[in-house]
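Report on the following structure.
None of the figures in this text is laboratory data; all of them are computed from the coordinates on show. Just so you know, these numbers come straight off a predicted model, no measurement behind them. Cβ atoms come from the backbone with ideal geometry, glycine included; neighbour counts cover every protein chain shown.
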Amino acid sequence: MWTRDVGGLRLTFHLAGINNQNFLMRDDETGSFWQQISGIAVSGPLKGSQLTLVHSDELNFATWKAEEPEGTVLKDTPQYASQYEAKDWDVRMKRAPVVIQFPEHGMKSRDLILGIRAFGASRAFLYDQVVKEKLVKDHVGEEPVLLVVGADDQSVRAFRGRIPGVDGSPDFYRLTANKPGSLLMDAATGSEWNFQGCVVSGKLQGVCLEPVAMLKDYWFDWRNYNPKTTIWGKT
Amino acid sequence: MSFSQRTRRNILLVCVAVSLVCVAYPIYVIRPFRAQGPRELAVALLVMRYRLLVTVISALTAIGVVVMYWRSQAKVWRKILATLGGALVCVLAALARVNVYESLMFHPVDHPAFAAVNEVKVDKDDKMLVVKVGGIARAYPIRTMGYHHIVNDFVGGTAIVATY
């Protein structure tokens, strides 16, 4: 997700092509071409410009609906709805061929990863492994991060592993008891945290962890744009 | 101004060649399941940026040459061939305006419409791209985004583009 305002212009984007299986966009206003994954203009009058990232998550509908009962959802465009993808299309796409490959550290091209580029570093986390662990405590660069799996065992969010107002990077634990709304507990204050990274019970009520932008992507695409990426559990 | 028959033919051939390159080269380079090298991609994008103007100039030039043919004493078959060449250049000029990715492959969402969470027909385990901007929450079903790829939107006072 990107903002559309750049240098005083409001841009309208269209699909314009593909670059090693990551698509290119073109804006109507200047005719510049932009790489979808990086938000950087690669050709045209705005070449080199960078779109501003808008934080987004990939969540299961039921989870999001419970969090945002007043939210709105993009409707289908009726004349094209029959051509929409099946529910598991990202899994089915794992069989599709790739045109660039980075067979490093045992990674397969279409391994689904969760990529974080923050704090001066980039790191990839195998999605299936994260879902299995339910809570991953790791570092990106020098900063502690938490990858938290929702109660739906599908949605994942990432947060900076520091509690505002608390020194250091406290440890977090996954609550095993089925307590609606509470997912984690921190070792420093004993507060309970929900899937949105906010305290729901305890002395830090109302405090929230800082969300960290994370991209669910195929390994080859992530690696192509993050050549120095490390891999959780491997590097 | 008049040109010799040979010159007219060569100009027409150049117009056909230039217009063909303008249309075909980007399609050849920028296609799915083909690796794109950085240099060829840069050239293809450059061609796309200027081909609207180039193909118009080419078409106007070709039309001028065709008119010259018909005004000349050239044999009928040459005039017909020239006309076909001119027509091809004009067709290529029209094709240069076609965005194959949106016209043929993935149609855009020109006017995105939204529904409240309780009104939309989405399965509970459907995956969504979600944002919250300025206190406004919005979701984009991945099944929909996997087809359209881009939605230009305005959420919570901010113009955003959802991409997948």
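Which of the three applies to region B:107-164, rounded, prolate or oblate, going by the alpha-carbon gyration tensor with a ≥ b ≥ c and a/c under 1.5 meaning rounded? Working shown, then result.
On the way: a/c = 1.63, a/b = 1.09, b/c = 1.49.
It comes out oblate by the Cα gyration axes.
Once you have a ≥ b ≥ c as the square roots of the Cα gyration tensor eigenvalues for region A:24-155, tell me rounded if a/c is under 1.5, and otherwise prolate or oblate according to whether a/b is larger than b/c. Rounded, since a/c falls under 1.5. Normalised by the number of residues in chain B, the mean separation of alpha-carbon contacts (under 8 Å, six or more apart) gives a relative contact order of 18 percent. May I ask for the net charge around A:Asp217, where only other residues with Cβ less than 12 Å from the Cβ of A:Asp217 are counted and Lys, Arg are +1 while Asp, Glu are -1? Every neighbour counted, the sum reads 0.
Could you tally the net charge around A:Leu135, taking each other residue with its Cβ under 13 Å from the Cβ of A:Leu135, Lys/Arg +1 and Asp/Glu -1? Overall, the nearby charge balance is 0. When each of the peptides A:49-58, A:155-164, A:5-14, B:67-76 is scored by how many other beta carbons lie within 10 Å of its residues on average, the order from highest to lowest is A:155-164, A:49-58, A:5-14, B:67-76. For the protein assembly as shown, the residue among A:Leu209, A:Trp89, B:Gly37 whose Cα projects farthest onto the positive side of the dipole built from Cβ charges is B:Gly37. Residues whose amide H lies under 5 Å from that of B:Ile160, counting only those 5 or more places away or on a different chain, are A:Arg4, B:Asp153, B:Phe154, B:Val155; hydrogens are built 1.01 Å from N in the peptide plane. Residues B:Tyr140, A:Tyr225 in ascending order of nearby Cβ atoms (within 10 Å, fewest first): A:Tyr225, B:Tyr140.
The calculated FRET efficiency for the pair B:Ser72 and B:Ala17, based on their C-beta separation and a Förster distance of 30 Å, comes to about 0.85.
With n ≥ 4 as the cut-off for DSSP H runs, can you work out [θ] at 222 nm for chain B, using -39500 (n - 2.57) per run divided by the number of residues, rounded to the nearest 500? It would help to have the intermediate numbers written out before the result.
Numbers: 4 runs with 86 residues, N = 164.
So the helix-based figure for chain B works out to -18000 deg cm²/dmol.
Checking the Cα-Cα distances for A:Lys132/A:Lys179; A:Lys47/B:Lys127; A:Lys94/A:Lys134; A:Lys179/B:Lys124; A:Lys47/A:Lys137 against a 31 Å cut-off, the pairs over it are A:Lys47/B:Lys127; A:Lys47/A:Lys137.
With neighbour counts taken as other beta-carbon atoms within 10 Å, the residues B:Ile30, A:Ile113 rank, fewest first, as B:Ile30, A:Ile113.
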